[in-house]
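In what follows, a single structure is set out as structure tokens and then discussed.
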Amino acid sequence: MRWREAARRRARAHDWAGAAAAWRHYLDRRPADAGAWEQYGHAAKETGALDEAAAAYARAVAITPDAAEPWWHLHDARARLGDRAGAIEACARVAALDPDFAPARERLAALGARDLAPPVASDGTPETVVAPGRYDSWRRGLLVAPPPRHPRRDGAVTVLVDAREALPVAVRATLAALLDQTDQRWRAIVHAAPALRNHPVASLAALDPRVRFDAGDAAWPEPAATLLLTAGTLPDREALAWFAYAAARTGCAAAYADHDHHVDDWRAGRGFTRPVFQPDADPEWFADPAVAPALLYLDRARVPLHGWDAIDVAAIARSAGADGAMAHLPLLLSSRKELAPQAEQAPPDPAPLAPDPGPIAAMVAKDSVEGRIQVVVQTRDAAAMLKAAIDSLRQHAARAELLDVTVVDNRSREPATRRLLDDWVRRGVADVLPLDAPFNWSHANNLAVAAGTAPLLLFLNNDTEMLTPGWDMLLRDALAAPGTGAVGAALFYPDGTLQHAGIVMGMGSGGPIHEGVGRDAAMGPNDRWRRRRAAAAVTGAFLAVRRDLFDAAGGFDATRYAIAFNDIDLCLRLRAAGRRVVVASDVRLLHHESKTRGFNVTRSQVAWDLDELADLHARWGAALFHDPGYNPHWTRDGHPFDGYRYPSRDEILRHIDRAARALPWSPITDADAPYWW
């Protein structure tokens, strides 16, 4: 017992090392004392021995598995060790043992595991943010309110329904949703295969003069306000009213909204799943039919389309700025019907329901980005890591002979580094730019660019390893898309989880953070972490840009951003020039993050980081809190995309106005612009 009293005395005196040693002596004699293991964990944690602390807490929970407190301390120790999965496991146990313990729910949200938290407290207090796994119950309670009062447009909206590949039940559901619209000024033209035009569903045209069935290749009516959708898409009863309101409010040439999917069960009702909360107009995202808008509202006098095979939502998004902008309505204004399991398992329909053949859509014209790629890599020694980075880049390139590697040698001292660099220069693998100056990431990159001539630039960390064969051709393709300013990649930790899938602005208290950190790339909403798409910014660990755009932007700002936020500042300047920043998620690399320079952990480093962030905010203001790719239905608390919320009416209207700008990805810098909170 004397060891226990000694441990307590030393803990009261803040002699944590002495307390830990005394607890070890005590536990050698009383290993079944759960409380002592917990106290030993506290003392070890105070000394910084986090592994020792976690092991002690694990012994405590093994002895008393139904006590919430030691699980809570185990979660904290694991989180400090960077063991996110272990921290989530322990915190989820706390939430299960004590559902009223609010900090456990908050921590699970902060760890990106909101699904594991109890849905409500025992007193019935509802959630303000709903976990992704509870989408169906959240969606069932959603009622889209009508838009504000506005001047009524002249004439009816022409609703064009693509039913060329549809089953009759899908056409029936879409027409029923149109009949339920609060704005009844519409006419519908259903483009269908011959068998469908002879199906009983076509009798609806005889019952309502606003409905007409045409051949799949029939000519479209004269240009007018038009809503395009596929059969099986069910517009919300306020959909037409909201589109008319957005067109009147913004004068947009095109508009779209959010949607989800559903299955109808005649007993249990409608079950909702797989929401697609859209970004502001993003041609890369829209190019994939799986996530393209389910409803597309057009002023066809300004967006001249004449047939289904000519529709290219990505091309419309690219050209909408010149035609009068493309508005995004952050509202769930439709749901796509999916077959119930009983119907899905039935034999397929006979061939006559097959669609009419149509021409293959033309590819989108792209800028030419032929030519060499200058790869700029900075290093201070770390020869083995640098060699792995450059070797993997060259080995996985389709045209390695078109890579001009420039290594900025920032005060390397090790003989192995000198031998490697000399060998590369001799064999023509790389040019070496010596830099005997204190570390300044921006300045070093600018010097390297000035020393090269290649039309394409790639800034690369020396702690990366390329994983994707033919990455250089994929990069050229991404840079060639009209309007692209910079291109980033998907970066992974050595354990296979994501380190970077783009940068999100405005999470939590604000500021930029990496998207997808610690997650499985396959688990992103709508598979976003494996799709090519626009982003607010990308990391400088892999950042590609055309030389002419880099020069026009003024390069990196070496005065304000020597260490951090230089990549984000460049991305914002490219966006301000009317360009988009794209994450080419089909290009993948390992990233041994900050292996050379280390993390910002000391008081001096953190203070410097905050000072550069303050400079970034002074320059860009509200742009740090507004992310055109982050839909207001997603929570801003905890991890990105880890919960749903209802945006307020003011948020919806403000979002529509911002999205309907001619350049929706251009940063909003107005100091008076309201932030999301």
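The values are calculated or read from the model by the stated rules, or taken from the named source; none is laboratory data. Note that this is a predicted model, so its numbers are computed, not measured. When we count neighbours, we look across all protein chains shown, and the Cβ atoms used for this are built from the backbone with ideal geometry, even at glycine.
Considering Arg212, Arg267, Arg249, Arg274, which residue is of a type in the set (D, E, K, R), out of contact with any Pro (no Cβ under 7 Å at 6 or more places or on another chain) and part of a loop (DSSP other than H, G, I, E, B)?
Only one candidate passes the filter, namely Arg267.
How do the helices (runs of 4 or more DSSP H) wholly within the stretch 297-408 filter down when requiring 1 or more residues that are modelled with pLDDT of 90 or more and acidic (Asp, Glu): which remain? So that I can check it myself, show each step before the final result.
Details: elements: 313-323, 341-344, 383-395.
The helices (runs of 4 or more DSSP H) meeting that bar are 383-395.
Being touching a residue at least 60 places away in the same chain (Cβ under 8 Å), closer than 23 Å to Leu339 by Cβ and surrounded by 19 or more Cβ atoms within 10 Å (Cβ to Cβ): is that true of Ala166 here? Even if it seems obvious, please write down each step before you answer.
Details: touching a residue at least 60 places away in the same chain (Cβ under 8 Å): yes; closer than 23 Å to Leu339 by Cβ: yes; surrounded by 19 or more Cβ atoms within 10 Å (Cβ to Cβ): yes.
Against the criterion (touching a residue at least 60 places away in the same chain (Cβ under 8 Å), closer than 23 Å to Leu339 by Cβ and surrounded by 19 or more Cβ atoms within 10 Å (Cβ to Cβ)), Ala166 qualifies.
Give the stretch 618-667 a look and list any residue that's closer than 18 Å to Ala486 by Cβ and either in contact with a His (Cβ under 7 Å, 6 or more places away or on another chain) or not assigned by TED's automatic domain parsing to the domain that holds Gly485 (or both), or say none.
Correct list: Leu624, Leu663, Pro664, Trp665, Ser666, Pro667.
Among (1) surrounded by fewer than 22 Cβ atoms within 10 Å (Cβ to Cβ); (2) of a type in the set (Val, Ile, Thr); (3) within 24 Å of Pro628 (Cα to Cα), which single condition is Thr453 missing?
(3)
Under 6 Å by Cβ, and 6 or more places apart or on different chains, what pairs join a residue from the stretch 620-639 that is at positive phi with one that is in a loop (DSSP other than H, G, I, E, B) and not basic (Lys, Arg)?
Gly621/Thr669; Gly621/Ala671
Wholly within the stretch 34-127, which helices (runs of 4 or more DSSP H) include no fewer than the required count, namely at least 1 residues that are closer than 30 Å to Gly524 by Cα and at pLDDT below 90?
Details: elements: 34-47, 50-63, 68-80, 84-97, 102-110.
Hits in the stretch 34-127: 68-80, 84-97, 102-110.
Within the group Ala451, Ala444, which residue is in the same structural domain as Trp471 (by TED's automatic domain parsing), of a type in the set (A, V, I, L, M, F, W, C) and closer than 23 Å to Phe565 by Cα?
Result of the check over Ala451, Ala444: Ala444.
Within the stretch 435-493, how many residues turn out to be part of a loop (DSSP other than H, G, I, E, B) and aromatic (Phe, Trp, Tyr)? Spell out how you get there, then give the answer.
Step one: filter the stretch 435-493 for residues part of a loop (DSSP other than H, G, I, E, B), giving 435-440, 451-455, 461-463, 467-470, 481-483, 493.
Add one more test, that the residue is aromatic (Phe, Trp, Tyr), and what stays is 439, 493.
Number satisfying all stated conditions: 2.
Condition first: modelled with pLDDT of 95 or more and either of a type in the set (S, T, N, Q) or more than 15 Å from His443 (Cβ to Cβ) (or both). Now tell me which residues in the stretch 556-575 satisfy that.
Answer for the stretch 556-575, where residues must be modelled with pLDDT of 95 or more and either of a type in the set (S, T, N, Q) or more than 15 Å from His443 (Cβ to Cβ) (or both): Asn566, Ile568, Cys571, Leu572, Arg573, Leu574, Arg575.
Residue under question is Ala244, and the condition is that it be assigned to a helix (DSSP H, G or I) and either more than 20 Å from Glu165 (Cα to Cα) or β-branched (Val, Ile, Thr) (or both); does it hold?
yes
Would you pick out the residues in the stretch 409-434 that are assigned to a helix (DSSP H, G or I) and loosely packed, with under 12 Cβ neighbours inside 10 Å?
The answer is Pro415, Arg419, Asp422, Arg426, Arg427.
Tally time: how many residues in the stretch 544-558 are free of Cβ contacts under 8 Å to residues at least 40 places away in the same chain and either crowded, with 18+ Cβ neighbours inside 10 Å or assigned to a loop (DSSP other than H, G, I, E, B) (or both)?
2
Tell me, which residue of the stretch 645-677 that is among the acidic types (Asp, Glu) and at pLDDT 85 or above is farthest from Arg579 (Cα to Cα)?
Checked the stretch 645-677; the qualifying residue farthest from Arg579 (Cα to Cα) is Asp650.
Does at least one position in the stretch 143-152 carry a residue that is at pLDDT below 90, closer than 17 Å to Leu227 by Cβ and not assigned by TED's automatic domain parsing to the domain that holds Ala87?
Yes, because at least one residue in the stretch 143-152 is at pLDDT below 90, closer than 17 Å to Leu227 by Cβ and not assigned by TED's automatic domain parsing to the domain that holds Ala87.
Name the one entry in Arg603, Arg531, Arg580 that is surrounded by 23 or more Cβ atoms within 10 Å (Cβ to Cβ) and among the basic types (Lys, Arg). Before you say what the answer is, go through the steps one by one.
Values: Arg603 fails: surrounded by 23 or more Cβ atoms within 10 Å (Cβ to Cβ); Arg531 fails: surrounded by 23 or more Cβ atoms within 10 Å (Cβ to Cβ).
From the options Arg603, Arg531, Arg580, the qualifying one is Arg580.
Run down Ala248, Ala241 and say which single residue is more than 28 Å from the chain's Cα centre (by Cα), more than 21 Å from Arg318 (Cβ to Cβ) and at pLDDT below 95.
Ala248
From the list Ala205, Ala225, which residue is assigned by TED's automatic domain parsing to the domain that holds Val263 and touching a residue at least 40 places away in the same chain (Cβ under 8 Å)?
Selected residue: Ala225, the only one of Ala205, Ala225 that is assigned by TED's automatic domain parsing to the domain that holds Val263 and touching a residue at least 40 places away in the same chain (Cβ under 8 Å).
Among (1) under 28 Å from Ser648 (Cβ atoms); (2) outside any loop (DSSP other than H, G, I, E, B), where does Ala202 come up short?
Result: Ala202 passes all but (1).
For the subset of the stretch 85-100 comprising residues that are of a type in the set (A, V, I, L, M, F, W, C) and surrounded by fewer than 18 Cβ atoms within 10 Å (Cβ to Cβ), which member is farthest from Pro65 (Cα to Cα)? Working first, answer last.
Our first condition is that a residue be of a type in the set (A, V, I, L, M, F, W, C); within the stretch 85-100, this holds for 85, 87-88, 90-92, 94-97.
Those still in the list that are surrounded by fewer than 18 Cβ atoms within 10 Å (Cβ to Cβ) too: 85, 96-97.
Numbers: Ala85: 19, Ala96: 12, Leu97: 10 Å.
Once the filter is applied, the top-ranked residue is Ala85.
With outside any loop (DSSP other than H, G, I, E, B), of a type in the set (D, E, K, R) and either on the phi < 0 side of the Ramachandran plot or under 26 Å from the mean Cα position of the chain (by Cα) (or both) as the only criterion, which of Asp136, Asp154 stands out?
On the way: Asp154 fails: outside any loop (DSSP other than H, G, I, E, B).
Asp136 is the lone residue from the list that is outside any loop (DSSP other than H, G, I, E, B), of a type in the set (D, E, K, R) and either on the phi < 0 side of the Ramachandran plot or under 26 Å from the mean Cα position of the chain (by Cα) (or both).
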